[in-house]
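See below for the structure under consideration.
The values are calculated or read from the model by the stated rules, or taken from the named source; none is laboratory data. What you are looking at is a predicted structure, and each value in this text was computed from that prediction instead of being measured. Neighbour counts run over all protein chains shown; Cβ positions are idealised from the backbone, glycine included.
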């Protein structure tokens, strides 16, 4: 992407999270002024503090600790050139039962609030983070954006609802804000959440404690390195296209068994595994059709799976070493 030469300002919701913090760093590196909001305060939450450590040193970054229902959101949206809406409740397993109401609040109601504030402030561009979970799987081949969406979990339902809200607003004749929803396929890399597969595999290698492998390992996933996701997000903020969803995926789809082999090759150690039954809501396969992302965004993934895992492994070891050093200092 070309460097931002005009001093544009962006708002990133979910700025303290995995993808959000990488986007903040990427925007700052390209010369943007960045406003970040998150329910987790870097001053009180260790993960948010670690993720935003670099950004907090920049005079071009302003952070506000808030829920997206907070009235102060209006001031944060006012005057920005682009809003990147990444804040969400995540995870398939936690979305069942009574917990679903928090997903409705975070992934539907909060998204509605962001959309409304963007229209009110006449923000030129809104980029909404969606998920491959909206498809429910790719058993019939790569998922196309104009294909069926049949979520298999309450989480997927909530992400589809938020995405479709954004696209419905964008389709109105009097819409001011150009909107694109990006359907992320299994993002990984440094700062990845601890409950995600690659993080759990690397932790198992480091600790020697077995990780839970759900099902028989034949499940296939399209893994996407976080720097590629940031590239797609920044491209989406510059496209003239509006009112569409776009897949954002990595270069290959692999089975969990193949992923275990790749982690072993990268780390030099086998991943200790404990096999457990498959989880409700987990699709057998996710695979993206990349054509629309290439034509609309000019996006092509640049990081292969082994290289990406190697980078995450280096970060994991450095992070653990820093924690140990802090405890023994």
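Could you check residue 251 against (1) surrounded by fewer than 23 Cβ atoms within 10 Å (Cβ to Cβ); (2) assigned to a helix (DSSP H, G or I) and say which number it fails?
Checking residue 251 against (1) surrounded by fewer than 23 Cβ atoms within 10 Å (Cβ to Cβ); (2) assigned to a helix (DSSP H, G or I), the one that fails is (2).
Filter the stretch 190-200 down to residues that are in contact (Cβ under 8 Å) with a residue 24 or more places away in the chain and either in a helix (DSSP H, G or I) or over 25 Å from residue 54 (Cα atoms) (or both), then give me how many there are.
Number of matching residues: 3.
Tell me, please, whether a residue that is over 17 Å from residue 236 (Cα atoms), in contact with a helix residue (DSSP H, G or I) (Cβ under 8 Å, 6 or more places away or on another chain), in a loop (DSSP other than H, G, I, E, B) and at pLDDT 95 or above can be found in the stretch 17-35.
There is at least one residue in the stretch 17-35 that is over 17 Å from residue 236 (Cα atoms), in contact with a helix residue (DSSP H, G or I) (Cβ under 8 Å, 6 or more places away or on another chain), in a loop (DSSP other than H, G, I, E, B) and at pLDDT 95 or above.
Provide a single number: the residues in the stretch 71-118 that are modelled with pLDDT of 95 or more and in contact with a strand residue (DSSP E or B) (Cβ under 9 Å, 6 or more places away or on another chain).
Residues in the stretch 71-118 being modelled with pLDDT of 95 or more and in contact with a strand residue (DSSP E or B) (Cβ under 9 Å, 6 or more places away or on another chain): 21 in total.
Considering only the stretch 266-277, state which residues are farther than 16 Å from residue 316 by Cβ, surrounded by fewer than 14 Cβ atoms within 10 Å (Cβ to Cβ) and out of contact with any helix residue (DSSP H, G or I) (no Cβ under 6 Å at 6 or more places or on another chain).
Result: 274, 275, 276, 277.
Inside the stretch 75-90, can you point out the residues that are surrounded by fewer than 16 Cβ atoms within 10 Å (Cβ to Cβ) and out of contact with any helix residue (DSSP H, G or I) (no Cβ under 6 Å at 6 or more places or on another chain)?
75, 79
Before we move on, is residue 250 at positive phi and either touching a strand residue (DSSP E or B) at 6+ places or on another chain (Cβ under 8 Å) or in contact (Cβ under 8 Å) with a residue 40 or more places away in the chain (or both)?
Against the criterion (at positive phi and either touching a strand residue (DSSP E or B) at 6+ places or on another chain (Cβ under 8 Å) or in contact (Cβ under 8 Å) with a residue 40 or more places away in the chain (or both)), residue 250 does not qualify.
Have a look at 217, 281 and point out the one that is assigned to a loop (DSSP other than H, G, I, E, B), more than 30 Å from residue 177 (Cα to Cα) and touching a helix residue (DSSP H, G or I) at 6+ places or on another chain (Cβ under 6 Å).
217
Can you find even one residue in the stretch 298-306 that is surrounded by fewer than 15 Cβ atoms within 10 Å (Cβ to Cβ) and either free of Cβ contacts under 8 Å to residues at least 60 places away in the same chain or in a helix (DSSP H, G or I) (or both)?
yes
Going by the structure shown, is residue 61 surrounded by 19 or more Cβ atoms within 10 Å (Cβ to Cβ) and in contact with a strand residue (DSSP E or B) (Cβ under 6 Å, 6 or more places away or on another chain)?
yes
Looking at (1) part of a helix (DSSP H, G or I); (2) closer than 29 Å to residue 10 by Cβ; (3) touching a strand residue (DSSP E or B) at 6+ places or on another chain (Cβ under 9 Å), can you tell me which one residue 203 breaks?
(2)
Within the stretch 236-245, identify whether any single residue is part of a helix (DSSP H, G or I) and touching a residue at least 60 places away in the same chain (Cβ under 8 Å), and answer yes or no.
Yes.
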